[in-house]
Amino acid sequence: MDAATIATWMHGIDVVMREAKDHLVQLDAAIGDGDHGTNMTRGFEAVVQALNADSSSPPGKLLI
């Protein structure tokens with residue numbers, strides 16, 4: 001596994017989280033406070049920003 005593979009996975013998860021945001025909010029609202037989709041989307045936005053800022057790190061560091 002290399003850094004490029006990890007970055008590709010994280011970017012892919014970011015896309016899926018954005019697509020699923022409303023559905024996750026709806027599911028969470030049934031038994032919680034309805035913020036799960038929003039928080040997952042915000043979290044993966046931060047992951048993508050971090051990857052864009054430091055794409056030269058070794059794979060182990062990217063996963064921390």
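Throughout, read-outs are computed from the coordinates displayed, never taken from laboratory work. Predicted model only: the values in this text are computed from it and were never measured. Ideal geometry is used to build each Cβ from the backbone, glycine not excepted, and the neighbour counts take in all protein chains shown.
Some observations on this one:
- Checking each residue in segment 13-64 for being more than 16 Å from the chain's Cα centre (by Cα) and among the hydrophobic types (A, V, I, L, M, F, W, C) picks out LEU27, ALA29, ALA30, ILE31.
- When the residues of segment 9-64 are filtered to those that are polar (S, T, N, Q) and in contact (Cβ under 8 Å) with a residue 12 or more places away in the chain, the one that is surrounded by the fewest Cβ atoms within 10 Å (Cβ to Cβ) is SER56.
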